[in-house]
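Below you'll find the structure, written out as structure tokens, and then a few comments.
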Amino acid sequence: MALANRVMGIKPSPTLAVDARAKAMKASGIDVVGFGAGEPDFDTPDNIKEAAIKAIRDGYTKYLPVPGTDELKDAIIAKHKADNGITYDRAEIIVSTGAKHSLYNIAQALYGAGDEVIIPAPYWVSYPDQVLLNDATPVIVQTREENNFVLTADDLEKAVTPKTKAFILNSPSNPTGLGYDRSALEAIAKVAVKHGIYVISDEIYEKIVYDGFRHVSIASLGDDIKALTLTVNGLSKSHAMTGWRLGWAAGPKDVIGAMSKIQSQSTSNTCSITMKAAVEALKGPQEFIGVMVAEFDKRRKYIVERLNAMPGVTCPMPVGAFYAFPRVKDLYGKSFNGKPINNSSDLAAYLLEEAKVAVVSGDAFGADDYIRLSYATSMANIEKGLDRIAAAFGALS
Ligand SMILES: *Cc1c(COP(=O)(O)O)cnc(C)c1O
């Protein structure tokens, strides 16, 4: 029996695949250093765990409202007001099984055959495939490193057609670690408002920022742009809660209502216990984040310095998230034992096989000149992994 057409055009998440392969090699006794992880290497704070344990003990284990409880929505509303200067009401919030699920619900609610969705590259791996799964067309627009990988108003204007439905924004960015400042966002907002296109703003890394970078939510820039923006966020990265599966979207009531209808026919509410934990995560002490970010910051500086010291490698200094995104194109055309390295996936395969180091090849993000290294791993691992990478690059001729 044939599978549905929509499955043919997509691939499994390449970042999850690299992580799974590194973990499998480790399990079989191979000493692999993994730079593939897309999640904090910190444990969820105890106060959040305790809230979940209490929820279980209290028998908080039944179905709940599909788009989330009022208690949690109110905590999310308070968060957006305090952190982002945006005012939402309950009908403008939906809680889903992760930010990824919120993004998927948005894709289901908004995109269809004939629609185009503009995605700046380098992009997070799931954006194009979620568009494809909903019969629409991803329009990939290349950004430039010398421009901090920021999509300019001009780039956006050139990519807009009468079919453009939405534009996906991710700041701070996975994979580049770079971000949009207020003026870059203002310029883009103007174009979106002019053409009446939705902005999907994935702000999952807003709390993981360095060097005084200030995260700005595009929806906070005015009522016109707010009416077109779906703000997506969650606790996976900020509160080390990837496994709990909770994220949300905030935006226009009609879109949120449509997403809620879709969710009512697919997953229903996310886990009741997780929702209680999320209320504590949002309303309880926030010191954990600073401790985690300070540790990421040390690793960030170290990893970027080491990468830039490798011949043929240049790496911009990230302002957010926990990824280094070095340009490695100058190594292409070299070879190891007569085997040529011609692109990012050749290089990632070489590093895994010969150096026992797992990185994600840039082609997964639409940027074949680069590879991505997550520094959500211990300093000891980072040192060991970079020693191996330096030796492996040095062995190319
Ligand atoms: C990790 C990540 C997400 C998804 O987070 P979940 O809430 O765990 O689904 C979304 N967007 C980007 C860019 C991410 O890196």
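Projected onto the charge dipole of the chain (+1 at Lys/Arg Cβ, -1 at Asp/Glu Cβ, origin at the Cα centre), which of TYR60, VAL232, VAL199 gives the Cα projection farthest towards the positive end? Checking the options against the dipole of the chain, the answer is TYR60. The 3J(HN,Hα) values that the Karplus relation (6.51, -1.76, 1.60; θ = phi - 60°) gives for the stretch 338-343 are, in residue order, x, 9, x, 10, 10, 7 Hz. Gly and Pro appear as x. Applying the Kirkwood pairwise sum to the alpha-carbon positions of the stretch 31-131 produces a hydrodynamic radius of 17.3 angstrom. For the stretch 261-347, the fraction of C-alpha pairs more than 16 angstrom apart is 72%.
Scaling against 2.2 N^0.38 Å puts the C-alpha radius of gyration of the stretch 213-361 at 1.44.
In the chain, helical runs assigned H by DSSP with n ≥ 4 each contribute -39500 (n - 2.57); averaged across all residues and rounded to the nearest 500, the mean residue ellipticity at 222 nm is -12000 deg cm²/dmol. Centroid-to-centroid, using Cα positions, the stretch 339-369 and the stretch 243-263 are 36 Å apart. With distances taken between every two different alpha-carbon atoms, the stretch 70-181 has a Kirkwood hydrodynamic radius of 15.5 Å.
Cα centroid separation, the stretch 296-316 to the stretch 1-27: 29 Å. Under Stokes-Einstein, with the Kirkwood radius over Cα pairs as Rh, the value for the chain at 37 °C and 0.692 mPa s is 151 µm²/s. Fully extending the segment from THR161 to LYS261, taken as 0.36 nm per residue of separation minus the present Cα-Cα distance, adds 33.1 nm.
The modelled label-to-label distance for the pair ALA91/ASP387, using points 7 Å beyond Cα in the direction of Cβ, is 6.2 nm. Between the Cα long axis of helix 272-283 and the first principal axis of the chain there is an angle of about 80°, rounded to the nearest 10.
Here's the list of lysines a cross-link from LYS384 could span, going by alpha-carbon distance under 29 Å and ignoring same-chain residues fewer than 8 apart: LYS23, LYS26, LYS207, LYS237, LYS298, LYS301, LYS329, LYS334, LYS339, LYS356.
For LYS339 and ASN5, a Förster radius of 45 Å and the Cβ-Cβ distance give a FRET efficiency of 0.75, rounded to the nearest 0.05.
Once the Cβ-Cβ distance of GLU305 and LYS62 is raised to the sixth power relative to R0 = 56 Å, the FRET efficiency obtained is 0.60.
Taken along its principal axes, the alpha carbon cloud of the stretch 246-301 reaches lengths of 44, 25, 19 Å, longest axis first.
Taken about its Cα centre, the chain carries a charge dipole of about 580 debye when Lys and Arg each add +1 at the Cβ and Asp and Glu each add -1 at the Cβ. Taking label points 7 Å from Cα along the Cα-to-Cβ direction, ASP224 and ASP154 give a separation of 2.2 nm.
Over the stretch 62-283, consider all pairs of different Cα atoms and compute the Kirkwood hydrodynamic radius from their mean reciprocal separation; express it in Å, one decimal.
17.3 Å
Annotation for the stretch 264-332: trypsin sites (Lys or Arg not before Pro) lying in DSSP loop with at most 12 further Cβ atoms inside 10 Å of their Cβ do not exist. Looking at the chain, the DSSP beta bridges with both ends there are about 45 percent antiparallel.
Could you look at the stretch 192-330 and say what percent of its accessible area is carbon and sulfur, using a 1.4 Å probe and all protein chains? Reported share for carbon and sulfur atoms: 52 percent.
Looking at the stretch 39-72, which chymotrypsin sites (Phe, Trp or Tyr not before Pro) are DSSP coil and have at most 12 other C-beta atoms within 10 Å of their C-beta?
Details: sites: PHE42, TYR60, TYR63; in loops: PHE42, TYR60, TYR63.
Sparse-neighbourhood loop chymotrypsin sites (Phe, Trp or Tyr not before Pro): TYR63.
Accessible area per residue for the stretch 62-283 is 37 Å², calculated with a 1.4 Å probe on protein heavy atoms, without ligands, DNA or RNA.
Specify which residue in the list PHE213, CYS271, LEU110 is farthest towards the positive end of the charge dipole of the stretch 62-283, using unit charges on the beta carbon of Lys, Arg (+1) and Asp, Glu (-1), about the Cα centre. Value: CYS271.
Report the full-extension gain for the segment GLU146 to ALA294: residue separation times 0.36 nm, less the Cα-Cα distance, to one decimal in nm. The partial results should precede the final answer.
Numbers: separation 148, 0.36 × 148 = 53.28 nm, distance 2.68 nm.
Length gained between GLU146 and ALA294: 50.6 nm.
Taking trypsin sites (Lys or Arg not before Pro) across the stretch 89-152, the ones in a DSSP loop with at most 16 further Cβ atoms lying within 10 angstrom of their Cβ are ARG144. For the stretch 72-86, putting each phi into the Karplus relation 6.51 cos²θ - 1.76 cosθ + 1.60 with θ = phi - 60° gives couplings of 6, 4, 5, 5, 5, 4, 5, 4, 5, 5, 5, 8, 10, x, 10 Hz, in residue order, rounded to whole numbers and with x for Gly and Pro.
The values are calculated or read from the model by the stated rules, or taken from the named source; none is laboratory data. This one's a predicted model, so the numbers in the text were calculated from it and none came from an experiment. Glycine also receives a Cβ, built like all others from the backbone with ideal geometry; neighbour counts cover every protein chain displayed. What goes into the accessible areas is simple: the full protein's heavy atoms, side chains included, and nothing from ligands, DNA or RNA. Shrake-Rupley method; radii C 1.70, N 1.55, O 1.52, S 1.80 Å.
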